[in-house]
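Notes to accompany the following structure.
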Amino acid sequence: MVDGKPGPGNAAPAKKAATGAFTPAGVSPNRRARRSYTIRLWSVRHSRFLEWFYNRFASAFLVLHPLWKKLGYNRVEKPVTFVERNVKGLLFDCRMCGQCVLSSTGMSCPMNCPKQLRNGPCGGVRANGHCEVEPDMPCVWVQAWAGSRNMTNGDAILKVQKPVNQSLRETSSWLRVTAEAAAARDTLSKDAKA
Ligand code: SF4
């Protein structure tokens, strides 16, 4: 409600999504029903392959750390974020929270939960495994558990996740993970030399 009048609903979904508020995927109920979350569910079914692929991808990104450093992490942020948004948007309906936990959630993005829960489902999962808020959507946490059971490191789902840091929204997880891994590696080699 705005000044006693009904709010705009999903009239400006892109604007609303940018604030971090939940917007139903695809917005139009017809479009949502038509796509049936096909690709998102495919990703969960192929979580083991995607886990394997991501591990190799992350290693390759780490090998490229000297290049990112030379170019400047800040300068590559924009193009890398663009690629990350589109690739993960297609595969996982990624909402660019900037702190990716797909490796710990069976390749099911928890930011698609209307309540944006990062540590398991609420008490409202329907008997058919769908969401109580979006009845046509399979609960992302039911999917996360199923996906995690296929993964080598699937028990990572039991790790408690920190609350979302909203200041990282719309930034690249790929670059952050790479920079952190490179810093940890440098510290380790310094300690070994000392
Ligand atoms: S956890 Fe965050 S970065 Fe990862 S797919 Fe979901 S919204 Fe995107």
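Just so it is clear, none of the values below were taken in a lab; they were calculated from the coordinates. Remember, predicted model here, so these are calculated numbers, not experimental data. A quick note on method: Cβ atoms are made from the backbone with ideal geometry, for glycine too, and the neighbour counts reach across all protein chains shown.
Long-range amide H contacts for H130: which residues qualify at under 5 Å (H placed 1.01 Å from N, peptide plane, sequence gap of 5 or more or a different chain)?
C139
Tell me, what HN-Hα J-couplings in whole Hz come from the Karplus equation 6.51 cos²θ - 1.76 cosθ + 1.60 at θ = phi - 60° for each residue of the stretch 61-71, using x for Gly and Pro?
5, 6, 4, 7, 3, x, 5, 4, 5, 5, 6
Go through K69/K115; K162/K193; K162/K190; K88/K115; K78/K193; K69/K193 and tell me which ones have a Cα-Cα distance over 31 Å in this structure. Each step should come with its number before you reach the end.
On the way: K69/K115 37 Å; K162/K193 33 Å; K162/K190 29 Å; K88/K115 20 Å; K78/K193 36 Å; K69/K193 23 Å.
Correct reply: K69/K115; K162/K193; K78/K193.
Under a plain spin-label model, where a point goes 7 Å from the Cα along Cα-to-Cβ, how far apart in nm are A184 and R56?
The modelled label-to-label distance comes out at 2.2 nm.
On a full-extension model of 0.36 nm per residue, what is the gain between R75 and R126, subtracting their alpha-carbon distance, rounded to one decimal in nm? Mind showing how you got there, number by number?
On the way: separation 51, 0.36 × 51 = 18.36 nm, distance 4.53 nm.
Full extension from R75 to R126 adds 13.8 nm.
Which semi-axes, in whole Å and largest first, does the equivalent ellipsoid of the stretch 32-193 have when worked out from the alpha carbon gyration tensor as the square roots of 5 times its eigenvalues? Kindly include the intermediate steps, with their values, before the conclusion.
Working: eigenvalues 185, 58, 42 Å².
Gyration-tensor ellipsoid for the stretch 32-193: 30, 17, 15 Å.
Below 8 Å between Cα atoms, with a sequence gap of 6+, how large is the relative contact order for the stretch 32-193 in percent?
Working: 189 pairs, mean separation 51.2, N = 162.
Normalised by residue count, the contact order of the stretch 32-193 is 32 percent.
Under Stokes-Einstein, with the Kirkwood radius over Cα pairs standing in for Rh, what whole-number D in µm²/s applies to the stretch 149-194 at 10 °C and 1.306 mPa s? Intermediate values should be presented prior to the final figure.
Numbers: Rh = 13.6 Å.
So the translational diffusion coefficient is about 117 µm²/s.
At what distance in nm do the modelled label points of N86 and Q166 sit from each other, each positioned 7 Å from its Cα along Cα→Cβ?
3.0 nm
By how many nm would the segment from K159 to D191 lengthen if fully extended, with 0.36 nm per residue of separation less the alpha-carbon distance? Provide the component values of the computation, followed by the final result.
Numbers: separation 32, 0.36 × 32 = 11.52 nm, distance 2.79 nm.
Going from the current span to full extension adds 8.7 nm.
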